[in-house]
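For reference, the structure is listed below as structure tokens.
Rule-based calculations on the coordinates, nothing more; no lab input. This one's a predicted model, so the numbers in the text were calculated from it and none came from an experiment. Methodologically, a virtual Cβ is constructed for each residue, glycine included, from the backbone with ideal geometry; neighbour enumeration extends over all protein chains shown.
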Amino acid sequence: KTAVLHSPCRYRGLTAVSSREARTLGGNRTIAEPLELKYGKLPSDYAKPLVRKTVVGIGAELRVDPELKELYVVNTVFAGPADRAGIKPQDSIVAIEGVSDLANVPIAEIGTLLAGDVGTDVALEVRFKADGPDATPTKITLTREATAVVPKKRVADVEGGGGLFTGEGAPKPPPVVYVPEALRGMRVGGRRNIVVPADVGYADVGEGEIPPGATFKLEVELLEVRSAA
């Protein structure tokens, strides 16, 4: 059977992944895209092993802003050295091991400054975005660790709209929606809350605001059921 449903994922009271806001239109408007899935059959994509590479460093992706002339944080590895120190996306790295003016330092050289042996320390000066652009940088010492980096997710192309659609398709639903017990006994129009552990959720990859290894709540609304022809 084919099930058509909405399945917002809520984490710590916030909607982290939702088919109700699956695409962004011009003017920051959103439209819903219900999920359509073969009930009880797990797609082969979920069975493919994740390919990771291990990187030794502070567990952060950095990038140079050519306009602001600063090195800023794009993302951090969940529970990695930078994340544990409170460093967040959009924070600025002002200096690494005493080397400043990082916007004019080649990115390969920045990588060399951050790299090193596991267990060794690296000294940073960080300007936290929450403190404002004129705040005095905070000196932080992080211990390098080996972190497994997951490749970026593939995103389906947005079709049609003559340029109207500017967002991306909704993320894949968690595997739990394919488990027969998840929808068993539901009727069209019914709603169900499911507490989803990581092994049938987003595992050690995470999705949006849902961090790797997290348990979250899935709110299922069954819109339609179609039998196979």
The summed charge of the Gln90 Cβ neighbourhood (under 15 Å; Lys/Arg +1, Asp/Glu -1) stands at -3
Report ³J(HN,Hα) in whole Hz for each residue of the range 117-133, in order, from the Karplus equation J = 6.51 cos²θ - 1.76 cosθ + 1.60 where θ = phi - 60°; Gly and Pro get x.
6, 4, x, 8, 9, 9, 9, 10, 10, 10, 9, 6, 4, 5, 8, x, x
To the nearest 20 debye, what is the magnitude of the charge dipole of the range 58-149 about its Cα centre, counting +1 on the Cβ of each Lys and Arg and -1 on the Cβ of each Asp and Glu?
200 debye
Which order do the peptides 179-191, 215-227 take when ranked by the mean count of other beta-carbon atoms within 10 Å per residue, highest first?
215-227, 179-191
Determine the gain in length on full extension of the stretch Ala108-Ala146; use 0.36 nm per residue of separation and subtract their C-alpha separation, reporting nm with one decimal.
11.8 nm
Average Cα contact separation per residue, the range 58-149, under 8 Å, 6 or more apart, as relative contact order %
28 percent
Suppose each label sits 7 Å from its Cα in the direction of the beta carbon; what would the Ala79-Asp199 distance come out to in nanometres?
1.6 nm
Work from the charge dipole of the range 58-149 (Cβ charges, +1 for Lys and Arg, -1 for Asp and Glu, about the Cα centre) and give the residue of Ala123, Thr76, Ile110 farthest towards its positive end.
Thr76
Testing the spin-label approximation: label points 7 Å from Cα along Cα→Cβ at Asp121 and Thr138. State their distance in nm.
1.7 nm
Efficiency of FRET from Cβ geometry, Lys217 and Lys88, R₀ 35 Å, rounded to 0.05
0.90
Dipole-positive endmost among Gly86, Ile140, Val64 within the range 58-149 (Cβ charges, Cα centre):
Gly86
Environment charge of Arg184, counting only residues whose C-beta is closer than 12 Å and scoring Lys/Arg +1, Asp/Glu -1:
+2
